[in-house]
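Participant: Pasting in a structure now, in structure tokens, and then I'll have a few things to ask.
All of the numbers you see were taken from the coordinates with simple rules; none came from a lab. If you're wondering where the values come from, they're calculated on a predicted model, not measured in any experiment. Backbone-built Cβ (ideal geometry, glycine too); neighbour counts: all protein chains shown.
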Amino acid sequence: MRELHGEETSAGGVVWHQGRVLVLRNFRGEYIFPKGHIEAGETPPEAALREVAEESGLAATIISPLPDTTYSYQRVHGGTQEKRVIWFNMEAISDQIAVDGVEIRWGSFMSPWEAQRRLTHALDRQLLDQSTIAMQKR
């Protein structure tokens with residue numbers, strides 16, 4: 001029987017710069033968008049901007065909200081964790097990426113087409129489709 005833990009909520013961003021989108025590679029070799037935990041007293045937009053800065057070194061501004069994603073994953077010490085991510089479309093102020101080399105090993109701005117080929121998770125590819133449509137309407 002699976003042990004189910006309470007829902008964890010994170011926030012993140014699909015970050016654009018001059019028509020290209022940011023993709024990161026984490027320590028597990030997954031190609032992802034920046035996201036992370038919401039700290040106590042922090043709003044989802046604040047958390048999303050902080051996570052983008054921490055994981056990519058980029059300052060960004062929020063353009064619009066995106067649909068949340070929800071998924072389950074296996075916890076390191078057993079059990080299943082439900083996770084909801086609150087997403088935002090963002091515009092980076094520059095394209096000067098600086099990753100820590102530990103949690104995040106690599107990052108690059110690329111065309112949406114290339115990002116679709118690289119992103120590891122189907123939910124991220126769907127999110128990119130939604131983000132691309134929203135950015136084209138600007």
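Participant: Rank I63, P112, P45 by how far each Cα sits towards the positive end of the charge dipole of the range 4-136 (+1 on Lys, Arg Cβ; -1 on Asp, Glu Cβ) and give me just the farthest.
Facilitator: The listed residue farthest towards the positive side: P112.
Participant: Would you mind telling me the antiparallel percentage of the DSSP bridges in the chain, rounded to 5?
Facilitator: 70
Participant: Just rank K137, K35, fewest to most, by other beta-carbon atoms within 10 angstrom.
Facilitator: The most exposed by this proxy come first: K137, K35.
Participant: Could you tally the net charge around I38, taking each other residue with its Cβ under 14 Å from the Cβ of I38, Lys/Arg +1 and Asp/Glu -1?
Facilitator: Result for the neighbourhood of I38: -4.
Participant: If you average 1/r over every pair of different alpha-carbon atoms in the chain and take one over that average, what Kirkwood value in Å do you get?
Facilitator: About 15.2 Å for the chain.
Participant: Could you give the nm distance between label points at R125 and Q96, where each point is 7 Å from its Cα heading toward the beta carbon?
Facilitator: The answer from the label model is 3.5 nm.
Participant: Which whole-Hz couplings ³J(HN,Hα) result when phi for each residue of the range 112-125 is put into the Karplus expression 6.51 cos²θ - 1.76 cosθ + 1.60, θ = phi - 60°, listed in order with x for Gly and Pro?
Facilitator: With the stated coefficients, the range 112-125 comes to x, 4, 5, 4, 4, 6, 8, 4, 6, 9, 4, 4, 5, 5 Hz.
Participant: Something else now. Between beta-carbons, use under 10 Å as the cut-off and find the net charge around I104, counting Lys and Arg +1, Asp and Glu -1.
Facilitator: Its environment carries a net charge of -2.
Participant: Next question. Based on Cβ point charges of +1 for Lys and Arg and -1 for Asp and Glu, what charge dipole magnitude is obtained for the chain about its Cα centre, in debye rounded to the nearest 20?
Facilitator: Dipole of the chain, to the nearest 20 debye: 520 debye.
Participant: Same structure, new question: Can you compute the helix-only [θ] at 222 nm over the chain? Use -39500 (n - 2.57) per DSSP H run of at least 4 residues, normalise by all residues, nearest 500 deg cm²/dmol.
Facilitator: Value at 222 nm, helices only: -8000 deg cm²/dmol.
Participant: Still on this structure: Looking at the square roots a ≥ b ≥ c of the eigenvalues of the Cα gyration tensor of the range 83-128, which shape do they give, rounded for a/c under 1.5, prolate if a/b is larger than b/c, or oblate?
Facilitator: Rounded shape, in that the Cα axes give a/c under 1.5.
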